[in-house]
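Student: I'd like to ask some things about the structure below.
The values are calculated or read from the model by the stated rules, or taken from the named source; none is laboratory data. If you're wondering where the values come from, they're calculated on a predicted model, not measured in any experiment. Here the Cβ positions follow ideal geometry from the backbone for every residue, glycine too, while neighbour counts run over all protein chains shown.
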Ligand SMILES: Cc1cc2nc3c(=O)[nH]c(=O)nc-3n(C[C@H](O)[C@H](O)[C@H](O)COP(=O)(O)O)c2cc1C
């Protein structure tokens, strides 16, 4: 089984989890980036990213594997932006035919909204079997992340 973990991360929460999941599953790891980087300040990031996500924009991305077709099982990692997947992951799902190969998703949020995002993603990810909601490192419940991630990996393997 050829597996890929594909993620986007602005402040590295999702990146760290993606590295763990890829290592545990012996999967290939790919980081999606915005072709035009986000602005430097937090306020501008919140404004631009929030607007892109809530309006369903598909900003240009880079880092998509050339041999995407070769992966039979894809695990997606995304921060929550405005209650939805971050816009680079939205672009990935809109522009590349991977929806039926995404079997698992892990999301990071600053407090909530993971379930809302998964509910909306489930409409297009028809084979989604596992998901896990993780908390930003600044959030008090982030101490549960390692245990949740371990269980997530076990669920994928079972
Ligand atoms: C543009 C933007 C929008 C966000 N919207 C939400 C949100 O709607 N709900 C929430 O709980 N957290 C929200 N957050 C917080 C991020 O989901 C959270 O910090 C996440 O852990 C970031 O992951 P990363 O470090 O991999 O980028 C938002 C952050 C950004 C930058």
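Student: Just need a number here: residues in the stretch 17-40 that are within 11 Å of the ligand (Cβ to nearest atom) and surrounded by fewer than 15 Cβ atoms within 10 Å (Cβ to Cβ).
Tutor: 1
Student: Related question: Could you tell me whether any residue of the stretch 51-60 is more than 15 Å from the ligand (Cβ to nearest atom) and either surrounded by fewer than 12 Cβ atoms within 10 Å (Cβ to Cβ) or at pLDDT 95 or above (or both)?
Tutor: For the stretch 51-60, residues more than 15 Å from the ligand (Cβ to nearest atom) and either surrounded by fewer than 12 Cβ atoms within 10 Å (Cβ to Cβ) or at pLDDT 95 or above (or both): present.
Student: Does residue 44 count as near the ligand (Cβ under 8 Å from one of its atoms) and modelled with pLDDT of 95 or more?
Tutor: Answer is no for this residue.
Student: Right, another one. Only one of (1) touching a helix residue (DSSP H, G or I) at 6+ places or on another chain (Cβ under 7 Å); (2) not in a strand (DSSP E or B) fails for residue 50. Which number is that?
Tutor: (1)
So that you can scan it fast, the table gives a plain yes or no per residue for (1) in contact with a strand residue (DSSP E or B) (Cβ under 9 Å, 6 or more places away or on another chain); (2) farther than 13 Å from residue 13 by Cβ; (3) free of Cβ contacts under 8 Å to residues at least 24 places away in the same chain:
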| residue | (1), (2), (3) |
| --- | --- |
| 88 | yes, yes, no |
| 91 | yes, yes, no |
| 94 | no, yes, no |
| 101 | yes, yes, no |
| 104 | yes, yes, no |
| 113 | yes, yes, no |
| 125 | yes, yes, no |
| 133 | yes, no, no |
| 136 | yes, no, no |
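Student: Say we look at the stretch 107-132 and pick out the residues that are surrounded by fewer than 17 Cβ atoms within 10 Å (Cβ to Cβ) and within 15 Å of the ligand (Cβ to nearest atom); which of these is nearest to residue 58 (Cα to Cα)?
Tutor: Restricting to residues being surrounded by fewer than 17 Cβ atoms within 10 Å (Cβ to Cβ) and within 15 Å of the ligand (Cβ to nearest atom), the top hit is 120.
Residue-by-condition table, conditions (1) modelled with pLDDT of 95 or more; (2) more than 14 Å from the chain's Cα centre (by Cα); (3) within 13 Å of the ligand (Cβ to nearest atom):
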residue: 79; (1), (2), (3): yes, no, yes
residue: 86; (1), (2), (3): yes, no, yes
residue: 90; (1), (2), (3): yes, no, yes
residue: 96; (1), (2), (3): yes, yes, no
residue: 102; (1), (2), (3): yes, no, no
residue: 105; (1), (2), (3): yes, no, no
residue: 143; (1), (2), (3): yes, yes, no
residue: 146; (1), (2), (3): yes, yes, no
